[in-house]
There are 2 protein chains.
Amino acid sequence: MPEYKAPLREIQFVMNEVLESEKHYASLPGCEDATPDMISAIIEEGAKFAERVLAPLNQIGDQEGCLFNEGEVKTPTGFKEAYQQYVDGGWPSLSHDPAHGGQGLPESIGTIISEMVGTANWSWSMYPGLSHGAMNTLSEHGTDEQKETYLTKLVSGEWTGTMCLTESHCGTDLGLLRTKAEPQTDGSYKISGTKIFISAGEHDMADNIIHIVLARLPDAPAGTKGISLFIVPKFMPEGEGVGARNGVACGSIEHKMGIHGNATCVMNFDAASGYLIGPPNKGLNCMFTFMNTARLGTALQGLAHAEWAFQNSLPYAKDRLQMRSLTGAKNAEGPADPIIVHPAVRNMLLTQKAFSEGGRALIYFCAQLADKVKLASAEEKTEADALLAFLTPIAKAFLTETGLESANHGVQVYGGHGFIAEWGMEQNVRDARISTLYEGTTQIQALDLLGRKVLMSQGESLKGFTKIVHKFCKENADNDAMKPFVKPLIGLNKEWGELTMTLGMKAMQDREEVGAAAVDYLMYSGYVTLAYFWARMAQQAQIALDEGSAEEAFYKAKLSTARFYFARLLPRTRAHAEIMQSGAANLMELDPENFIF
Amino acid sequence: MPEYKAPLREIQFVMNEVLESEKHYASLPGCEDATPDMISAIIEEGAKFAERVLAPLNQIGDQEGCLFNEGEVKTPTGFKEAYQQYVDGGWPSLSHDPAHGGQGLPESIGTIISEMVGTANWSWSMYPGLSHGAMNTLSEHGTDEQKETYLTKLVSGEWTGTMCLTESHCGTDLGLLRTKAEPQTDGSYKISGTKIFISAGEHDMADNIIHIVLARLPDAPAGTKGISLFIVPKFMPEGEGVGARNGVACGSIEHKMGIHGNATCVMNFDAASGYLIGPPNKGLNCMFTFMNTARLGTALQGLAHAEWAFQNSLPYAKDRLQMRSLTGAKNAEGPADPIIVHPAVRNMLLTQKAFSEGGRALIYFCAQLADKVKLASAEEKTEADALLAFLTPIAKAFLTETGLESANHGVQVYGGHGFIAEWGMEQNVRDARISTLYEGTTQIQALDLLGRKVLMSQGESLKGFTKIVHKFCKENADNDAMKPFVKPLIGLNKEWGELTMTLGMKAMQDREEVGAAAVDYLMYSGYVTLAYFWARMAQQAQIALDEGSAEEAFYKAKLSTARFYFARLLPRTRAHAEIMQSGAANLMELDPENFIF
């Protein structure tokens, strides 16, 4: 039976030592309550909830799945009760506005809770996760009245929320969407259409569900410029509770590869009452906040599956006896050696470890940027915003791809047993598989990074990050212990800019070059970005060791993992660099009719 | 609903044009019947059976799975009837000895049938697949009486067979196995023990099941040198049919990630009557034939999932309209362009195509080597045997890894829909996932390749192949059209040898270097091996075009795919080459106790 233990020491290391959270929070207005002691207490409580309540439900959720019957969804055993505990613990309100019942803590604290909750049970975590998205959208774009009516109930957790974007003929290309909104004389709208892939669209965990829906007004321009955003409640609010049922219902739920515990719903809107949020035809703009948050949330899923895979591969690798070490028996009194003696098994474990610990540093860094975007001074805000915009597609795509890889290593470490359901390793792969698809596929993130962010800004977006890397390298140039990390990082940081220039020049000749290079460019960027964070972690570990820390083994392991990352994962940049320069012709020359004969 | 169409033109291209099968069969004694016309007719019949009977059962098999009830297994709807058609068509006997009812055709024809059958429905194909393994073992090591009693019934397909190797505590490390064989006064044995992961161990498709079982004699030496091989029938043979039930029964079936249509059984042997095959304590040696055949059979699974993914991704990529091409609308009258206009989508399709077509060439080449090992003159046989031993771990591990990658691209091409069961793309990933695990994991194949084959032979094993590549490059040195392929191939062929030397030197200092480098060495070898076959296919296509073939589009697509392979897949060798030289220390330095805190 797989288990989850919140990696508290790792979390503290990244948060307090590498990213200096105390300084970070002290610099932000409104974060006065976020003292180290208070944060520690919150994280420890969150860890208990994740470990004791959610983790034991993860496999049950997969096995039972959600049951659909006449428009209603029954979530797996224990899900509803766990949600009630979550609400009772005040978790939904953590990082929301005190004006609507929130605790007003910075988003970056919420990220840590989300990490633990999501690693313990990703399917379950999506119910409050989608609510969080709906809350952020309402916070930012809702009227005071809308906030009073809906946000308060979402913040308390009495109600949950969804985001209704996708239709069967449009996922990536929202400009094609057809759901209609007819204005009514009372200022409301009648929403009609069908949405698919609506996570948590229907369930039995809360009294009401608030759908945030993209739809078109009658006179809306075609394409993305004619989309508006609406609130559509499942039940109409009435007094302190709910009244009549609205014209929205779940038509069916999907049978899917993984995340069985989360209901993925077809939602039918049949002249349902809806209320406009934000200006007409500006729905997509209003959604940007949500989309970026959702992308970082999905990056977290990559980390979650890597961490979970690592935690559950390691004990097996220590217990399973099979073959002898090539350098002689390491467990001579036993019938064979534990498989952790074999370099190929260690390679898989260290890959999981390096991706999860590196991923955590990247995500927490992004969460601090998100805090700044919300709370810092105008100048700092602009800078943080640009940097976050650059890092978001990298975090989303790179961490989900490497999360999926790590989950697959988990199966591989178990050998044939990894394929068997009871061990839980194959579930982790199936659950992870969605993460490179939803909230924009890896391919879409890659276009966003190279096309929209880097090339459209004439490379400025990249420079915002490479100058940070450059500064770090310069500061550590004379540090002998850091040379093995700083030297390759300097080279890659330079090459990153050169490759960007090369691609930019090619793209001026042929726009297809952007799409042809984008995925390799993104993966290359991911490896270099993580190298920077591994170098920072190595630096921090080195400082602690130099200071004679009592936790020698912990910091030495950190240095060891950094060395592993630089020696065995970072060289993958060699392939990506070459491939991204190979040109668009090798992809574009074949006529669609001649792919198969 | 996913579909399968046997790629007859591709099969012919590899078999007749690239690998000159007519010449091949003409050179082998006993292959007189294998005329091109006859082979064509057989393949076309096999294609119909695969397309019309098996492919439609693939998704049903996944959804229904096998049902276990009181020791009996019910296979999914239609599986039993399909097996009866397979038997009626004479397929089980194709490449077996006419002395026992076989048709005596070379194994390489059987490989083509296995490809089509396996691509259409891998789970179903494992029932006859395991029989085939049992038949080959009996053919090679059974007494005349054993052949008469068991082989004849297996060849006719009336009975099926299994291979019972694994026990819960030993998969890779068969030396640990505990199943016992007690000699009886009548010359038979009583077999007792529990085997796990027995594919097709119990089912409702045939009258009897013949288990080939590894067990220990009472006085057997410990480890791999004390293992013997036994025949254990489910029912005792009696007259022309079966008599009493033997003491072997299925205890349960596994719930697993994929291949749901195939029953993976726990088999309990409780003083079951068994009959020794081959000499006592030489069971593992007797199994080598089977293991190598099984490894090539699993390589075929890699090809199967890549081909299936490609066939089912392509129509979706042509139909699904989403976004516009970056170089302007390609489907201006439609609401959006088909996604095949996007370079990133093409990249995934071409990856699937290049791996499946390249994999087919490699496997058919291996199948011809297997023909030679069986039928050619002593000298040719020795050479073919050495080459086959070298290529087998590459084919098994590289083609299953790339098959799994291709299957995952299939999901990715479909976006969110790829995660939904009804489209079948996620099933393909789940079914493919076992292929890198069973019949020796990728890590075990890698050790076999680098440790046992290449380094133990002082590199001779590698040279057997690189000299073939070298000869090809030399022959094409003056051919301008071939330069883009020959030039990189020359470089890689040389580097391959150099890397081997480097690793060999390191291994002399530290045996861990072998395990630390092996997986990257294998993947590197796989990419170079496939580059050779892509170069040969390019050469053949160029010849056909120069001769003014009427199939210009077909041959041009072949050249285009070869260019794609060299430009976008082969550069992955850059990462593998660097990583395999990074040394063992970065893997071995961390104490197992310090992996997690």
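The values are calculated or read from the model by the stated rules, or taken from the named source; none is laboratory data. Please read these numbers as outputs of a predicted model, since none were measured by experiment. Ideal geometry is used to build each Cβ from the backbone, glycine not excepted, and the neighbour counts take in all protein chains shown. These area figures cover heavy atoms from the full protein model, side chains too; ligands, DNA and RNA do not enter into them. Shrake-Rupley method; radii C 1.70, N 1.55, O 1.52, S 1.80 Å.
Give A:Lys80/A:Lys282; A:Lys396/A:Lys558; A:Lys381/A:Lys487 a once-over and call out the pairs whose C-alpha atoms are over 27 Å from each other. Over 27 Å Cα-Cα: A:Lys80/A:Lys282; A:Lys381/A:Lys487. Distance between the modelled labels on B:Asn479 and B:Asp385, one decimal in nanometres: 3.3 nm (7 Å Cα→Cβ projection). Just report the Cα centroid separation between the range A:212-258 and the range A:125-193, whole Å. Computed from Cα coordinates, the inter-centre distance equals 6 Å. Of the residues A:Phe310, A:Phe597, ranked by 1.4 Å probe accessible area with the largest first, the sequence reads A:Phe597, A:Phe310. Excluding ligands, DNA and RNA, the accessible surface per residue across the range A:262-397 is 30 Å² with a 1.4 Å probe. Of all aspartates and glutamates in the structure, the ones whose alpha carbon falls short of 16 Å from that of A:Lys494, not counting any fewer than 8 places away in one chain, are A:Glu460, A:Glu578.
Comparing Cα centroids, the range A:393-414 and the range B:434-511 end up 29 angstrom apart.
Summed over the residues of the range A:135-248 and divided among them, the accessible surface reaches 38 Å² per residue at a probe radius of 1.4 Å. Legend: residues in the range A:169-183 shielded by at least 20 square angstrom of accessible surface upon adding the remaining protein chains to the isolated chain (1.4 Å probe, heavy atoms) are A:His169, A:Thr172, A:Asp173, A:Leu176. Going from the chain on its own to the full set of protein chains, the range A:377-419 has these residues losing 40 Å² or more of accessible surface (heavy atoms, 1.4 Å probe, no ligands, DNA or RNA): A:Asn408, A:Gln412, A:His417, A:Phe419.
Taking the C-alpha atoms only, the angle from helix B:36-48 to the longest principal axis of chain B is near 80 degrees.
Spin-label model, A:Arg245/A:Gln85: points 7 Å from Cα along the beta carbon direction are separated by 3.2 nm. Contact order, relative form, for chain B: 12 percent (alpha carbon pairs under 8 Å, 6 or more residues apart, mean separation divided by residue count).
Each other copy places its own label point for B:Thr289 at 7.3 nm from this one, sorted shortest first, where the point lies 7 Å along the Cα-to-beta carbon line. Once a ≥ b ≥ c are taken as the square roots of the eigenvalues of the Cα gyration tensor of the range A:106-186, is the result rounded (a/c under 1.5), prolate (a/b larger than b/c) or oblate (a/b not larger than b/c)? In terms of gyration-tensor shape, oblate.
Only helices enter the 222 nm calculation for chain A: every DSSP H run of n ≥ 4 contributes -39,500 (n - 2.57), and dividing by all residues gives -17000 deg cm²/dmol, rounded to 500. Taking a ≥ b ≥ c as the square roots of the eigenvalues of the Cα gyration tensor, the protein assembly as shown is classed as prolate, since a/c reaches at least 1.5 and a/b is larger than b/c. The simple spin-label model puts a point 7 Å past each Cα toward its Cβ; for A:Ala332 and B:Gln146 those points are separated by 3.9 nm. Can you give me the angle between helix A:460-475 and the longest principal axis of chain A, using Cα atoms only, in degrees from 0 to 90, rounded to the nearest 10? Tilt of helix A:460-475: around 30 degrees. Chain A packed on chain B takes about 8500 Å² of accessible surface away from a 1.4 Å probe, both sides summed.
Carbon-plus-sulfur accessible fraction, the protein assembly as shown (probe radius 1.4 Å, protein heavy atoms only): 53%. By definition, a body whose alpha carbon gyration tensor gives a ≥ b ≥ c is oblate when a/c is 1.5 or more and a/b is not larger than b/c, and the range A:208-305 fits this oblate description. Legend: residues in the range B:242-265 shielded by at least 10 square angstrom of accessible surface upon adding the remaining protein chains to the isolated chain (1.4 Å probe, heavy atoms) are B:Glu254, B:His255, B:Lys256, B:Met257. Looking at the range A:458-588, the accessible area is 40 square angstrom per residue; that uses a 1.4 Å probe and ignores ligands, DNA and RNA.
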